[in-house]
């Protein structure tokens, strides 16, 4: 971008050049004083050091640079917007995911507004059903409503579209998994900084308890207070989908989606079509810093049931294709 304009007195006007279309910009000098954010830096560093999933990542050169740059940001940012954008620019360069700066007053409530459905179901042909799951955060109810309809019609093929699905929590993941997993399945292990290990050892990891949590909030509390948890998905008796399953993925298919995609691929229960998933597979939660300022950080790492760490790796598809072509490619495969 480039800016061309003039300052006259206390007013500024001009255009911000972005590609072919210029954007008009107007502004004026303010008498408001700069907010002092220096107090945030030590508090956020303390919370991070006490709760991060592994202390080893805090010894990396990427983390050291982040610390330096974020301290400068806290010293120099003028307002909340600059602070928020600055953090959002710096954090993706870290060697781990799920690290976000949040500003929200505790008394703030989200307004109930009409929204598009989280799950879209279509019949592509009399033998093929299509199910797009937009997220695994608020889609549990819709998944539980749609799957019985799919099973009742006895489709031979099911296309599950997880492109753009950034993940979510346990509820929707359990709802999805129990309809497609052909047996009770050990999905993997979540490990916190209290769990001591040098490399994956199945015998050691199997000492972790199987989670009793049914909701994400309880699961996070287990992770906060323990060494880690094993995640096991119980299959439904006589109600699983018995046809062929195809799962569509892209680079935004992340977090909670990824263990499910990995299991379905490795067990031979689904064909994955699209591109490599995000490789953003850590478990995180929100910590209060000061007032409206909060920090979402990863408190547990994840290893699959056979010892693969998905963070920064993701899951490769069986059939690689451009994400926008994945559905067409899958329908062609089914047609053949």
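The values are calculated or read from the model by the stated rules, or taken from the named source; none is laboratory data. The model shown is predicted, which means the values in this text are computed figures rather than measured ones. When we count neighbours, we look across all protein chains shown, and the Cβ atoms used for this are built from the backbone with ideal geometry, even at glycine.
Hey, does segment 100-108 have a residue that's modelled with pLDDT of 95 or more, in contact with a helix residue (DSSP H, G or I) (Cβ under 8 Å, 6 or more places away or on another chain) and not assigned by TED's automatic domain parsing to the domain that holds residue 66?
Yes: one or more hits.
Residue check: is residue 271 surrounded by 15 or more Cβ atoms within 10 Å (Cβ to Cβ) and more than 26 Å from residue 224 (Cα to Cα)?
Answer is yes for this residue.
Quick check: anything in segment 157-169 part of a helix (DSSP H, G or I) and surrounded by fewer than 21 Cβ atoms within 10 Å (Cβ to Cβ)?
Pass one, segment 157-169, residues part of a helix (DSSP H, G or I): none.
No.
Tell me, please, whether a residue that is on the phi > 0 side of the Ramachandran plot and free of Cβ contacts under 8 Å to residues at least 40 places away in the same chain can be found in segment 16-27. Quick ask: steps written out before the conclusion?
Narrowing segment 16-27 to residues on the phi > 0 side of the Ramachandran plot: 19.
In the following step, the residues that additionally are free of Cβ contacts under 8 Å to residues at least 40 places away in the same chain were identified as 19.
Checked against the condition, which is being on the phi > 0 side of the Ramachandran plot and free of Cβ contacts under 8 Å to residues at least 40 places away in the same chain, segment 16-27 yields at least one hit.
Against the condition closer than 30 Å to residue 157 by Cα, modelled with pLDDT under 95 and surrounded by fewer than 17 Cβ atoms within 10 Å (Cβ to Cβ), how does residue 276 come out, does it pass?
Judged against the criteria, residue 276 is not a match.
Looking only at segment 200-257, count every residue that is in contact (Cβ under 8 Å) with a residue 40 or more places away in the chain, in contact with a strand residue (DSSP E or B) (Cβ under 8 Å, 6 or more places away or on another chain) and over 14 Å from residue 300 (Cβ atoms) and tell me the total.
So the count comes out to 15.
State all residues of segment 128-151 that are more than 14 Å from residue 174 (Cα to Cα), in contact with a strand residue (DSSP E or B) (Cβ under 9 Å, 6 or more places away or on another chain) and in contact (Cβ under 8 Å) with a residue 60 or more places away in the chain; if no residue qualifies, say none.
Within segment 128-151, 128, 130, 150 meet the criteria.
Across segment 313-325, which residue is farthest from residue 157 (Cα to Cα) among those that are surrounded by 13 or more Cβ atoms within 10 Å (Cβ to Cβ) and under 21 Å from the mean Cα position of the chain (by Cα)?
Filtering segment 313-325 for residues that are surrounded by 13 or more Cβ atoms within 10 Å (Cβ to Cβ) and under 21 Å from the mean Cα position of the chain (by Cα), the one farthest from residue 157 (Cα to Cα) comes out as 313.
When segment 242-260 is examined, which residues are found to be surrounded by fewer than 21 Cβ atoms within 10 Å (Cβ to Cβ) and modelled with pLDDT of 95 or more?
Restricting attention to segment 242-260, the residues satisfying the condition of being surrounded by fewer than 21 Cβ atoms within 10 Å (Cβ to Cβ) are 242-245, 251-252.
Within segment 242-260, 243, 244, 245, 251, 252 meet the criteria.
Based on this model, can you work out whether residue 88 counts as in contact with a strand residue (DSSP E or B) (Cβ under 9 Å, 6 or more places away or on another chain), more than 18 Å from residue 245 (Cβ to Cβ) and loosely packed, with under 12 Cβ neighbours inside 10 Å?
When the stated conditions are applied, residue 88 passes them.
Strands (runs of 3 or more DSSP E) wholly in segment 1-75 with at least 3 residues that are surrounded by 13 or more Cβ atoms within 10 Å (Cβ to Cβ) - which ones?
It comes to 11-18.
Test of understanding: among 310, 327, which residue is within 30 Å of residue 45 (Cα to Cα) and in contact with a strand residue (DSSP E or B) (Cβ under 8 Å, 6 or more places away or on another chain)?
So the residue among 310, 327 that is within 30 Å of residue 45 (Cα to Cα) and in contact with a strand residue (DSSP E or B) (Cβ under 8 Å, 6 or more places away or on another chain) is 310.
Need the failing condition index for residue 307 against (1) outside any strand (DSSP E or B); (2) buried (at least 16 other Cβ atoms within 10 Å of the Cβ), just the number.
The single condition residue 307 does not satisfy is (2).
In segment 129-153, what count of residues is obtained for those that are over 20 Å from residue 255 (Cβ atoms) and outside any helix (DSSP H, G or I)?
Residues in segment 129-153 being over 20 Å from residue 255 (Cβ atoms) and outside any helix (DSSP H, G or I): 3 in total.
Looking at segment 114-128 only, could you name the residues that are part of a loop (DSSP other than H, G, I, E, B) and under 23 Å from the mean Cα position of the chain (by Cα)?
Result: 115, 116, 117, 118.
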